[in-house]
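See below for the structure under consideration.
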Amino acid sequence: MTTTNRLTISKVTPAYWRVIIENPPINLYDPEMFAELNVLMDRIEADRELKVVVFESANPDYFVAHYDLERGAVIPEQPGAAEFSAWPKDGTYYVIDREGTNVANGVRWDDPDPARLPYWATHVVPGGGATEWLCALAGRSRALEIICGANDFDADTAEKYGWVNRSIPDADLDAFVDDFARRVASFEKRALELAKKLVNARAGVPSEADRWGSNQSFIGTTSWPETKAVVAKLMDKGLQKEGDFELRLGHYVGHVAR
């Protein structure tokens, strides 16, 4: 087992890894997590035995809350650190997301009981592949509803929209994901790679140029005066702090931003 400041990597088998995300209090996607994920992606790419990776959260209330709006421009002095604009290059890895909230490329499952999937677009646009993958998963009309409405979505609705593969009760979720991961890990790696290539060729994969473009759009909107004014209001109300505001972010964003 390898533990960093925000990620704990456990090798269940040589072909199957689990990554536990823990960045209290709400698992913000901050510069340190970005750096650690960059290092992890390099390890994943270099490992010749690995076939499947499961991401999950140590926090039952949050998977990865969202981008750190206060420290996003910081580049920490640690391996993997980079400007956030470098994010799109890591947007094509195939993983399993146990929670269903933030990993857009891969297989996503969620628990219908506590799950809320917010995609808040208060004067910003989702970038780095988020818009591209959401359009591919949910279609144009539902992507517009999710992004422009910026509301919370329960897991059952997300399943109907194609946002997550399945909505699975919490009591069954761990066993389901573990069984699926072990099945994938048991198969021939070349066959898995070929299957993914064929599916990607037919279904389409957002290009790095597209992901780069939307990421630049996202970064640009964070500097707009209107965005800064709204974010300041949200911070005063509880944004990026543990509590009901973050747990029901879509609800509160729709009221504060009016």
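Positive-end ranking of V164, H251, A209 along the dipole of segment 142-258, with charges on Cβ about the Cα centre, is headed by A209. Compared with the alpha-carbon gap, the fully stretched path from T221 to K197 is longer by 5.2 nm at 0.36 nm per residue. The residues of segment 184-258 have, on average, 62 Å² of accessible surface per residue, using a 1.4 Å probe with all protein chains present. Quick one: with all protein chains in place, what share of the accessible area of segment 167-228 is carbon or sulfur, to the nearest percent (1.4 Å probe)? It is 58 percent, rounded to a whole number. The GluC sites (Glu not before Pro) found in segment 203-258 that occupy coil by DSSP, while having at most 16 further C-beta atoms within 10 Å, are E242. Derived scalar couplings between HN and Hα for segment 128-144 equal x, x, 4, 5, 4, 5, 5, 4, 5, 7, 9, x, 4, 5, 6, 4, 5 Hz in order, rounded to whole Hz, by the Karplus curve 6.51 cos²θ - 1.76 cosθ + 1.60 (θ = phi - 60°), x for Gly and Pro.
The values are calculated or read from the model by the stated rules, or taken from the named source; none is laboratory data. Everything numeric in this text was worked out from a predicted model, so none of it was measured. So basically every Cβ, Gly included, is an ideal-geometry build from the backbone, and we count neighbours across all protein chains shown. Accessible surface is based on the protein model in full, side chains and every heavy atom, while ligands, DNA and RNA are left aside. Shrake-Rupley method; radii C 1.70, N 1.55, O 1.52, S 1.80 Å.
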